[in-house]
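I have placed the structure first, in the form of structure tokens, so that the comments after it can refer back to it.
Read-outs throughout are calculated quantities, based only on the coordinates presented, and are distinct from any laboratory measurement. Bear in mind the structure is a predicted one, so any value in this text is a computation, not a measurement. As a convention, Cβ positions derive from the backbone with ideal geometry for all residues, glycine included, and neighbour counts pool all protein chains shown.
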Amino acid sequence: MITLIYLWIWFFIPDPPGTITLFRTKEYWGSGYEIRLNGETLINPFKSQHVATFQLPPGSYWLESKKYDSQTSRLRLEVKSGQHYYIRGIEDNDFLLRALHLRNWPESKAIPLLQPLKKQSILHEKLDRIVAQ
């Protein structure tokens, strides 16, 4: 009987989501970029000195940054249940090329950088729609 209860709990209770913290520190240019999750706009514009935190169910996702005059930067995220991921946006300005590179960042280095940043709002209804696809 107890085994059946554990199986029922294991089967019907979903895994806790993973947490994504996306941030940008102060940069020389600091222009805003569109952030997409699986090809759908999640944040527009994502400016320097901002941080956004959201949760995703376990699974594989593409996180992209794009601006009308820039190169698209893509990062593949393998979100695991209960894990926290810190993603840093680093703007690269070259003579002919602009891009906001998205990189996994170690927690020990990310946390001190988050203190002075402003919170970026995310429409959670839009996030839910993107994840449901």
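Can you tell me the 0 to 90 degree angle between the C-alpha axis of helix 2-12 and the longest principal axis of the chain, rounded to 10? Between helix and principal axis, roughly 30 degrees. Scoring 110-121, 35-46 by mean Cβ neighbours within 10 Å over their residues and listing the highest first yields 35-46, 110-121. Cα centroid separation, segment 78-130 to segment 46-72: 6 Å.
In terms of distances greater than 18 angstrom between alpha carbons, the cross-link table entries K47/K109; K47/K118; K80/K118; K26/K109 yield K47/K109; K80/K118.
Counting only Cβ charges, +1 for Lys and Arg and -1 for Asp and Glu, the dipole size of the chain around its Cα centre is about 260 debye. Modelled this way, with points 7 Å down the Cα-to-C-beta line, the labels at D128 and H101 are 3.7 nm from one another.
Using C-alpha pairs below 8 Å separated by at least 6 residues, the relative contact order for segment 16-132 is 30 percent. Shape analysis of the chain yields a ratio of the Cα radius of gyration to the Kirkwood radius, Rg/Rh, of 1.07. With the charge dipole of the chain set up from +1 on Lys and Arg Cβ and -1 on Asp and Glu Cβ about the Cα centre, the Cα lying farthest toward the positive end among the listed residues P16, L114, S65 is that of L114.
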